[in-house]
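The values are calculated or read from the model by the stated rules, or taken from the named source; none is laboratory data. From a predicted model like this one, the values you see are computed outputs, not experimental measurements. Methodologically, a virtual Cβ is constructed for each residue, glycine included, from the backbone with ideal geometry; neighbour enumeration extends over all protein chains shown. Heavy atoms of the whole protein, side chains included, go into the accessibility calculation; ligands, DNA and RNA do not. Shrake-Rupley method; radii C 1.70, N 1.55, O 1.52, S 1.80 Å.
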Amino acid sequence: MIKFFRKIRQNLLSEGKTRKYFKYAIGEIILVVIGILIALSINNWNEQRKLQKIEQEYLLSLQSEFNNNLYKINLSIEENETIRNGINGLLNLFDNEILDTVSDKYLNGKFFAVLGNQMQFKPSTGVLNDIISSGNLNLISNQKLRQRLASFDSSLEILKLQINFTLTVKENLKSIIYKDGSVRKLASKMLDFQINSISKNINNKSLFNSVEFENYLIDYALLHKSAAGTNFLGGIKNEIETILNEIEQELNK
């Protein structure tokens, strides 16, 4: 093809058709430019398709990760509800008329629900962290989704602080039980003690004469009540569900 165009130029020059030669040369330049632009467009299109494919792969991986996190947060909310029910059961026992009617088995069950369970949330963030650390978050074309993903780690840090504070109050509760109650009796369901001990005569019902114990228990109840709200576990659940909805919308485009 190049030889063909060169031959045409040579013929035009040899025949003295300079004006036609220049017109032809300009036309040839235009064709070359058009060819380059077409090649660049094809290259850009191929590159864009590669980026879109990577984005789709990221979205699918994020969808799997956040579905797993939704499952985990729902478990945390259920566990939080178990603890709340146990706390409410114990708070009722500060009424002596109710306390006198309950058995040690009932009492131990409520203590176990409060102290044997622990509100926690350990999310999976491997995919998200990999995308952010590699600088590929911009491959997510949806700006709102991109912003939510970028801020998710900050929300987790706030949740972590809230959970740690809740665990501090729990430790205060345990310290009162260790000091004035009998852990041995609370653990009798799980451990078969064969010998007597100095705590055998301690009745854990006496803990319900402690104002300090009641205060910590109320504080613990308030924390677990707020945990299901929009600023705690409930808030993280809302974020996860919103992210999953936006991911699904992107995948269905």
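Annotation: GLU55 fulfils all but one of (1) touching a residue at least 60 places away in the same chain (Cβ under 8 Å); (2) charged (D, E, K, R); (3) closer than 30 Å to VAL211 by Cα; the unmet one is (3).
Residues in region 77-89: is at least one modelled with pLDDT of 90 or more, touching a Ser or Thr at 6+ places or on another chain (Cβ under 8 Å) and among the acidic types (Asp, Glu)? Please lay out each step first, then the result.
Initially, region 77-89 is screened for residues modelled with pLDDT of 90 or more, giving 77-89.
Still in the running and touching a Ser or Thr at 6+ places or on another chain (Cβ under 8 Å): none.
No: zero hits.
Meeting the requirement of 2 or more residues that are without any contact (Cβ under 8 Å) to a residue 24 or more places away in the chain and over 22 Å from ILE177 (Cα atoms), the helices (runs of 4 or more DSSP H) wholly within region 91-139 are 126-133.
Looking across region 86-120, not a single residue is open to solvent by less than 80 Å² (accessible area, probe 1.4 Å), more than 35 Å from the chain's Cα centre (by Cα) and under 26 Å from LEU233 (Cα atoms). Which one is surrounded by the most Cβ atoms within 10 Å (Cβ to Cβ) among residues in region 140-171 that are in a helix (DSSP H, G or I) and β-branched (Val, Ile, Thr)? Taking the candidates together, the pick is THR166.
Taking each residue of region 204-220 that is within 12 Å of LYS179 (Cβ to Cβ) and looking for partners that are open to solvent by 60 Å² or more (accessible area, probe 1.4 Å) with beta-carbon atoms closer than 8 Å, six or more apart or interchain, yields SER206/ASP180; LEU207/ASP180; SER210/ASP180; PHE213/ASP180. Pairing each residue of region 225-253 that is more than 26 Å from GLN52 (Cβ to Cβ) with any residue that is open to solvent by less than 60 Å² (accessible area, probe 1.4 Å) and not in a helix (DSSP H, G or I), provided the two are 6+ apart or on different chains, yields C-beta distances under 9 Å for SER226/PHE232; ALA227/MET119; LEU233/MET119; LEU233/PHE121; GLY234/ALA228; GLY235/GLY229; ILE236/PHE121; ILE236/PRO123. Tell me, yes or no, whether region 56-73 has at least one residue that is in contact with a helix residue (DSSP H, G or I) (Cβ under 8 Å, 6 or more places away or on another chain) and assigned to a loop (DSSP other than H, G, I, E, B). No.
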